[in-house]
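Notes for the one structure printed next.
The values are calculated or read from the model by the stated rules, or taken from the named source; none is laboratory data. Small disclaimer: the values here were computed from a predicted structure and weren't measured. Ideal geometry is used to build each Cβ from the backbone, glycine not excepted, and the neighbour counts take in all protein chains shown. When the accessible area is computed, the model is the full protein with side chains, heavy atoms only, and any ligands, DNA or RNA have been set aside. Shrake-Rupley method; radii C 1.70, N 1.55, O 1.52, S 1.80 Å.
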Amino acid sequence: MARTALVTGGSRGIGAAISKALKAKGYTVAATYAGNDEAAAKFTRETGIKTYKWNVADYDSSKEGIAQVEADLGPIDIVVANAGITRDAPFHKMTPQQWKEVIDTNLTGVFNTVHPVWPGMRERGFGRIVVISSINGQKGQFAQVNYAATKAGDLGIVKSLAQEGAAKGITANAVCPGYIATEMVMAVPEKVRESIIGMIPAGRLGEPEEIARCVTFLVSDDASFINGSTISANGAQFFV
Ligand SMILES: NC(=O)c1ccc[n+]([C@@H]2O[C@H](COP(=O)([O-])OP(=O)(O)OC[C@H]3O[C@@H](n4cnc5c(N)ncnc54)[C@H](OP(=O)(O)O)[C@@H]3O)[C@@H](O)[C@H]2O)c1
């Protein structure tokens, strides 16, 4: 039977590319989103991938949503914790609200997504967790103290989950994308985009599909001994 994959924030941007790539590899995929019903409906129409709406920042909603996915599609074998937001401001102007929203969504959201599926993965002796972190969690970024904290936190999460899950057939890894040509990045003024591209030795933005291919590899049986690792996909912009 096909394995079932859950992709949070899987209806748009990098997550949409991940959902499509997993479906193309034969997995049964559930993609979640926060509120953009129109984009989610279009995504389902175009791909046939079921979408589910809940806020990853809320534990009870995540637990209920995950129970619904499992009732519809079967036990979740693969989790891609991709949903994420930015609320950028230089630190002296960052509000507690901006800090909290990003921590709740990007960091607590990973806990809320993985925690409900973890017991089932342990029982069945198989699981794949991939967390989408960021280059800015590795190197820090001006005006992103909140975001960089969450993305660095993701790396601590996967290293710890890897140690707890390894004996139960569960792997947990992170992907750190550099700048990727999603709607968010393409919406910035062309001049700013050009200056970003100027910092990337590859001379271009990454494509969402290039991140999706990292994920399809990490969840495959070929990657069974890769656990607690980080794949950096950033066009040579930064080395750890
Ligand atoms: N784009 C880049 O260059 C880049 C670089 C490095 C890392 N990343 C990371 O890659 C991931 C995806 O980024 P992206 O650029 O593809 O984002 P995006 O295009 O803005 O899409 C974000 C997705 O996450 C969902 N989402 C946001 N907040 C949520 C919440 N509270 N609960 C449930 N779903 C939520 C959105 O749902 P709605 O459609 O309902 O809004 C959407 O499906 C993020 O974790 C981001 O930090 C991105």
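Would you kindly calculate the translational diffusion coefficient of the chain, applying Stokes-Einstein with the Kirkwood radius from alpha carbon pairs, for 20 °C and a viscosity of 1.002 mPa s, and quote it in µm² s⁻¹ without decimals?
Diffusion coefficient, whole number: 120 µm²/s.
Enumerate the amide H contacts of G127 below 5 Å, restricted to partners 5 or more residues apart or on another chain; note that Pro and chain-start residues carry no placed amide H.
Residues meeting the criterion, in which the H sits 1.01 Å from N, are I170, T171.
Spelling out what I want: for every residue of segment 169-174, take phi, set θ = phi - 60°, compute 6.51 cos²θ - 1.76 cosθ + 1.60 (Karplus), and round to whole Hz; glycine and proline get x.
x, 10, 10, 9, 9, 10
What number do you get for segment 1-55 when its Cα radius of gyration is normalised by 2.2 N^0.38 Å, N = residues? Mind showing how you got there, number by number?
Working: Rg = 10.0 Å, N = 55, 2.2 N^0.38 = 10.1 Å.
With N residues counted in segment 1-55, Rg over 2.2 N^0.38 Å equals 1.00.
Could you size up the charge dipole of the chain around its Cα centre, putting +1 on the beta carbon of Lys and Arg and -1 on that of Asp and Glu, and report it in debye to the nearest 20?
On the way: 24 positive and 23 negative charges, 53 e Å.
Approximately 260 debye in magnitude.
What number comes out for the charge environment of A5, summing +1 per Lys or Arg and -1 per Asp or Glu over other residues with Cβ under 11 Å away? Mind dumping the intermediate values first?
Details: positive: R3, K23, K25, R128; negative: D77.
Every neighbour counted, the sum reads +3.
For the chain, what is the accessible area per residue in Å² when the probe is 1.4 Å? Write out the running numbers ahead of the final one.
On the way: 11480 Å² over 240 residues.
Ligands and nucleic acids excluded, the result is 48 Å² per residue.
Amide H neighbours of T230 under 5 Å, at least 5 residues apart or on other chains, H built in the peptide plane: list them.
Hits under the 5 Å cutoff: A174.
In Å and from the alpha-carbon atoms only, list the Rg and Dmax of segment 12-137.
Values for segment 12-137 (Cα only, Rg and Dmax): 15.3, 48 Å.
Share of Cα-Cα pairs in segment 144-200 beyond 16 Å, in percent? Intermediate results must be reported in sequence, preceding the final value.
On the way: 967 of 1596 pairs.
Percentage above 16 Å: 61.
Based on Cα positions only, what radius of gyration and what Dmax would you give for segment 68-123, in angstroms?
15.4, 47
Gain in length, A233 to D58, computed as 0.36 nm per residue apart minus the alpha-carbon separation, to one decimal in nm?
My answer for the length gained is 60.0 nm.
With runs of 4+ DSSP H residues as the only contributors, calculate the mean residue ellipticity of the chain at 222 nm using -39,500 (n - 2.57) per run, divided by the residue total and rounded to the nearest 500. Write out the running numbers ahead of the final one.
Working: 11 runs with 108 residues, N = 240.
Only helices count here, giving -13000 deg cm²/dmol.
Would you pull out the residues with amide H under 5 Å of V56's amide H, same chain only if 5 or more places away, H placed 1.01 Å from N?
none
Show me, for segment 106-116, the HN-Hα J-couplings you get by feeding each phi into the Karplus relation (A = 6.51, B = -1.76, C = 1.60, θ = phi - 60°), rounded to Hz, glycine and proline as x.
7, 9, 4, x, 5, 4, 5, 8, 7, 4, x
Pop out the ³J(HN,Hα) list for segment 139-151 in order, Karplus 6.51 cos²θ - 1.76 cosθ + 1.60 with θ = phi - 60°, rounded to Hz; leave Gly and Pro as x.
Each residue of segment 139-151 in turn: 10, x, 7, 3, 6, 10, 4, 5, 5, 4, 4, 5, 6 Hz.
For the chain, give the percent of accessible area contributed by carbon and sulfur heavy atoms, probe 1.4 Å, rounded to a whole number. Write down the numbers at each step before the final one.
Values: 6240 of 11480 Å².
Carbon and sulfur together cover 54 percent of it.
Picking from G178, A167, V215, whose Cα lies most toward the positive end of the charge dipole for the chain (charges on Cβ: Lys, Arg +1; Asp, Glu -1)?
About the Cα centre, the residue reaching furthest to the positive side is G178.
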